[in-house]
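For reference, the structure discussed in these notes is given below.
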Amino acid sequence: TKKVDCCSGGCVAFTAERKALTACDACKAPRYRADGKPHKQATYWPLLSWLRMMLADAKIGAGMVKAMKEAREAAASSPAEGVRDWYDGATFRKLVELGYFSTNTCVALSISTDGFQAWKQRGFEGWPIIATILNVDPSARVQVVSQLILGITPGRSQPADLESFLHPIAEELDVLAAG
């Protein structure tokens, strides 16, 4: 896991341009307690370890590679006959043309988030950040194996800057993209 300091109210994560801040620029709460430790931290679960496990699995991994191979071949050979899946769309086809999906082991992801209220009396609202692996069969995408929780924002309400909580994920994706 990776820990990232965040505002005690869950407003922002101290990432990117906020890395050096000692107080939240949204609510002015101090970043650190008197003992020098952060008031709150968000936990991230690395995507790479999940992907390695999935690709190493004889059934799941082989299916992911086969799905990407077929999608790349279809994108390169003929225009789509209707749109049944993300791979049939103009965006995927353009990305293949530009070389973004250059091998059959490339992985297509969809990252999403939505809030939920838990323990309303205590005032907690979380925003899970979930990656969906698009390389698996569409019927399997909604199953646990294809839905990876990468992090959950901690706070009393929706973060003031949700994007600040996405930076650690974007940094990992940059590393993965570089090989």
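The values are calculated or read from the model by the stated rules, or taken from the named source; none is laboratory data. Just so it is clear, the structure is predicted and the values come from calculations on it, not from any experiment. Neighbour counts are summed over all protein chains in view; Cβ atoms, including those assigned to glycine, are modelled from backbone coordinates with ideal geometry. Surface areas here come from the heavy atoms of the whole protein model, side chains and all, with no ligands, DNA or RNA. Shrake-Rupley method; radii C 1.70, N 1.55, O 1.52, S 1.80 Å.
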Expressed as a whole percentage, what fraction of the accessible surface of the chain belongs to carbon and sulfur atoms when a 1.4 Å probe is rolled over the protein heavy atoms? 56 percent
Please list, ordered by chain and number, the residues whose modelled amide H lies under 5 Å from the amide H of PHE124; skip anything fewer than 5 residues away on the same chain. ALA118
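Could you tell me which chymotrypsin sites (Phe, Trp or Tyr not before Pro) in the stretch 104-175 are loop residues by DSSP with no more than 12 other beta carbons within 10 angstrom of their beta carbon?
On the way: sites: PHE116, TRP119, PHE124, PHE165; in loops: TRP119.
Sparse-neighbourhood loop chymotrypsin sites (Phe, Trp or Tyr not before Pro): TRP119.
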Distant-in-sequence amide H partners of CYS24 (H built 1.01 Å from N, under 5 Å): ALA29, ARG31
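Please sort through the DSSP H helices of the chain and keep those with an alpha-carbon extent of at least 20 Å along the long axis and a Kyte-Doolittle average not below 0.5.
Values: long enough: 58-77 (28 Å, 0.02); 162-177 (23 Å, 0.67).
Those that clear 20 Å and a mean of 0.5 are 162-177.
Based on the alpha-carbon set only, what is the convex hull volume of the stretch 1-77 divided per residue, in Å³? Before the final figure, lay out the partial values.
Values: hull volume 10.4 nm³, N = 77.
Given the Cα convex hull of the stretch 1-77, per-residue volume reads 135 Å³.
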Top positive-direction residue, dipole computed over the stretch 1-147 with Cβ charges, set THR43, THR132, LEU21: LEU21
Given the chain, what count of lysine pairs have C-alpha atoms under 14 Å apart, with each pair 8 or more places apart or on different chains? 4
Hz values of 3J(HN,Hα) by residue in the stretch 124-136 - Karplus curve (6.51, -1.76, 1.60), Gly and Pro given as x: 10, 10, x, 10, x, 9, 10, 9, 10, 7, 7, 6, 8
Per-residue ³J(HN,Hα) for the stretch 21-33, Karplus 6.51 cos²θ - 1.76 cosθ + 1.60, θ = phi - 60°, Hz, x for Gly and Pro: 5, 10, 8, 5, 7, 9, 10, 6, 5, x, 6, 10, 7
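Viscosity 1.002 mPa s, temperature 20 °C: give me the Stokes-Einstein translational D for the stretch 32-137 in µm²/s, with Rh taken as the Kirkwood radius over C-alpha pairs.
Numbers: Rh = 16.8 Å.
Approximately 127 µm²/s, per Stokes-Einstein.
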Treating only the Cα positions of the stretch 47-90 as identical point scatterers, give the base-10 log of I(q)/I(0) from the Debye formula at each q in 0.21, 0.22, 0.30 Å⁻¹. -0.73, -0.76, -0.97
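Computed FRET efficiency, Cβ-Cβ of SER49 and GLU73, R0 25 Å: what is it to the nearest 0.05? Don't skip to the end; give the middle numbers.
Values: r = 29 Å, r/R0 = 1.18.
Using R0 = 25 Å, I get an efficiency of 0.25.
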Counting each DSSP H run of 4 or more residues in the chain as -39500 (n - 2.57), what helix-only mean residue ellipticity at 222 nm follows after dividing by all residues, to the nearest 500 deg cm²/dmol? -9500 deg cm²/dmol
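Considering only protein heavy atoms, what per residue accessible area in square angstrom results for the chain with a 1.4 angstrom probe?
Values: 10590 Å² over 179 residues.
In whole numbers, the chain has 59 Å² accessible per residue.
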So what's the projected area for the chain, the Cα convex hull averaged over all directions, in nm²? 12.5 nm²
